[in-house]
Amino acid sequence: MIDGDSLRDNYSSSSLSGYASLIQEYAERLRCAGELEEQILTNVAIKIHQYLLEQPFSDKENDFLQLSAQAELSPELMVRLKQSFQGYFSQEFWESQAQWILEALEQWRKDKFIPGNNYEPSITANSLLTEQEVAIEKQLQNYCCLYSADELLQHSNVYDLSKEELVTLFNYYSPSVITEHPLFLVEPIEAIPTCPPYRAGLECTYRLDKWVNNENNWAEFKLTDKSTYKNKVQVYISEPNGIDFLPLATALQVLDGLGLEAAKLQLVFGAYLAKQERPWKDEVLLRGTELIELLGWGKRKDLTESDKLQQIANLAHGIGRLVMQSEWQMKVGNKSYDLSSTLISPLWFLSIEVIRQLNCLKSKNVEYREVYIKLRAGDWASKWFNKAGNKAKEALHQFGYLAQEILRIDPYHDELALKLAIHLSILSRIRANNKNPYPYSVSTLLRAVEIGARLRDACQDKRKAYELRRRWDKALKMLMELGWQIEFDQDYPEWLRPSNQAEKPEGWQSVNGKRVKLIDRLMAAHLFIKPPNIVQEKLLKINQRKKPLPKRLPSVSRGRVTGEQIRKEREAKEVSQAALALWMEKTPAWLCQIEKGRRKLSPKDAKELLKGIDFLAQSQTSE
């Protein structure tokens, strides 16, 4: 409080400059004390809360938001209000309040009368609680608070904001809103789907080169079954209205904002989906601040938490625009399953709630405090995880495993490593065979994950070839650091392997009498890749749940194997020609020629075919 006698003496005897200094000094006292600011914000909170109580809320809003009868003026609320009205409490504001109080106090000394200042009706000293100047000063400050609260609201955009945005100011979110438990609490892996619709949803976000305009002028991404091209999943991007579909040029603009981060977010969606008792039906509610940590963004310094939450919301909105239809028939043993989803429907049903930190003095509210994502799998899940899909279970290879470290790979610095990790995680369930892991060719892996134009450029340009090899070596080293076990085949020479400093041997450019480039040697090389040990252990447990296999036919057990013997062995164990061809990464036509004796069968291919028959027969007898 100010000293009345001192103020009166200073005010009556000071010059104009002295009076200005007095106002500045008193303004500084008001600002530092903080009481006036807190009272103004308290009045603002009460007025906003009263405004909210007068607004109609839908049943859905009432379920999610809980307004109390009175405003709860917590310290957290006052902090949020200060942040929301930054810029209002300027030096000019404090000096104007100081001047009004000082002039009103001086008038009271002279006339025992306080002016209304166009806000409150004029009052006399008799209406005050006490005639002491301290009490009068306090009363004047109260009038300032009421007036300033109204003025602040009139000059802000508060009443233009949505009800949901205003409610965030009070943090009136229902305590009944419970999000899912974080992933990886028990062990550093989680199950994820591996079925074609899910794979298409992942791949379409970063394989932009596979998008084309179809006959309807819709941008289309197509994933097909190598064994039969009748099986296909087609992905489109819907307009914001959810009715029309985008042409290629516009769709690519949407996809530019998705990329590998959207694939990572869908890996998280898939992991939560796999944890549900009814994954084709159950909904989950996810919290954006927890997704930030899951995606490995927690330590990023280039983005604020608000920026990260906004990016989560943007990715979810983009993913929510992916729609699909599929035609997929699958035969397992003697049973056939129709897993088609002919109606175009979303890959994911998403509902996104953004909780913003208001800045009521700006036209745009940019600070994100939280993001809630309500998630349910699209209609495809009912085909693959319910009824036929659920009965086929392991034979359909429903689930693989996601290692936590994969989500922490930075797509900007280790793009190829992340693509390979996603691709191999999806395939790890199908290729589980710990004793004799099936080899991959470098060419097959790169064609599966890398943009086609980059591969073509690398085959034609020496510098592009060098860059591709550098990225490939870096990706392999990162996978090994994350626990993937990589062994190199004999056709992958020592001098070509990552981190090997050996010189190229003389004559390395000649293979079978033909001159080849280094990129050709790399693309033709093979390697064996196993997932991390903990994933292998999970897959081994699945593979141990087998029924006894039919004994191998005597004719296959001795001597050179023929195509006819392969056919009889395959049919005896009820393995389809298409499935075995897929195992060999060949076409059904190739296998057909082998079995009919029209194509020479090498001992190496015969060995792999028999191994594939055993593995596929074991898979389809799993419970």
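Structure data summary
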quantity: Global form of the stretch 179-317, assessed from the alpha-carbon gyration tensor, a/c cut-off 1.5; calculated: oblate
quantity: Length released on extending from Glu54 to Lys281, taking residue separation times 0.36 nm less the Cα-Cα span; calculated: 78.0 nm
quantity: Efficiency of FRET from Cβ geometry, Glu467 and Ile178, R₀ 60 Å, rounded to 0.05; calculated: 0.80
quantity: Residue order, fewest to most beta carbons within 10 Å, for Val44, Val268; calculated: Val268, Val44
quantity: Taking Lys568, Lys504 and counting other C-beta atoms within 10 Å, the order from fewest to most; calculated: Lys504, Lys568
quantity: Ranked packing of 317-327, 586-596, most packed first, by mean Cβ within 10 Å; calculated: 317-327, 586-596
quantity: Exposure proxy ranking, count of Cβ atoms within 10 Å, fewest first, for Lys226, Lys419; calculated: Lys226, Lys419
quantity: Inter-label distance, nm, simple model (7 Å from Cα along the C-beta direction), Ala572/Ala20; calculated: 10.7
quantity: Label-reachable residues, the stretch 445-470, where backbone N falls under 14 Å from a point 7 Å from Leu208's Cα toward its Cβ; calculated: 451-454
quantity: Karplus 3J(HN,Hα) series, Hz, for the stretch 368-374 with 6.51 cos²θ - 1.76 cosθ + 1.60 (x for Gly, Pro); calculated: 8, 9, 6, 10, 10, 10, 8
quantity: Nitroxide proxy distance, nm - points 7 Å out along Cα→Cβ at Glu327 and Lys600; calculated: 3.9
quantity: Filter on Lys222/Lys611; Lys232/Lys335; Lys462/Lys504; Lys275/Lys374; Lys383/Lys568; Lys538/Lys600 - keep pairs with C-alpha separation over 27 Å; calculated: Lys222/Lys611; Lys383/Lys568; Lys538/Lys600
quantity: When each of Lys226/Lys299; Lys514/Lys573; Lys331/Lys596; Lys419/Lys573 is checked by Cα-Cα distance, pairs over 32 Å; calculated: Lys226/Lys299; Lys514/Lys573; Lys419/Lys573
quantity: Residue-wise HN-Hα coupling along the stretch 90-101, computed from phi with Karplus coefficients 6.51, -1.76, 1.60 (Hz; x: Gly, Pro); calculated: 8, 4, 4, 4, 5, 5, 5, 5, 4, 5, 5, 5
quantity: Förster-model FRET efficiency, 41 Å R0, Val516 and Leu303, C-beta, rounded to 0.05; calculated: 0.35
quantity: Förster radius 60 Å - calculated FRET efficiency between Val186 and Ser96 (Cβ-Cβ, nearest 0.05); calculated: 0.50
quantity: Net charge of neighbours whose Cβ lies under 13 Å from the Cβ of Gln593, counting Lys and Arg as +1 and Asp and Glu as -1; calculated: +3
quantity: Label-to-label distance, nm, for residues given as Leu343 and Ile534 (7 Å Cα→Cβ offset); calculated: 4.0
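Since every read-out is calculated from the coordinates, none of them should be taken as a lab result. Please read all numbers here as calculations on a predicted model, not as lab measurements. Every residue, glycine among them, receives a Cβ derived from its backbone with ideal geometry; neighbour counts consider all protein chains shown.
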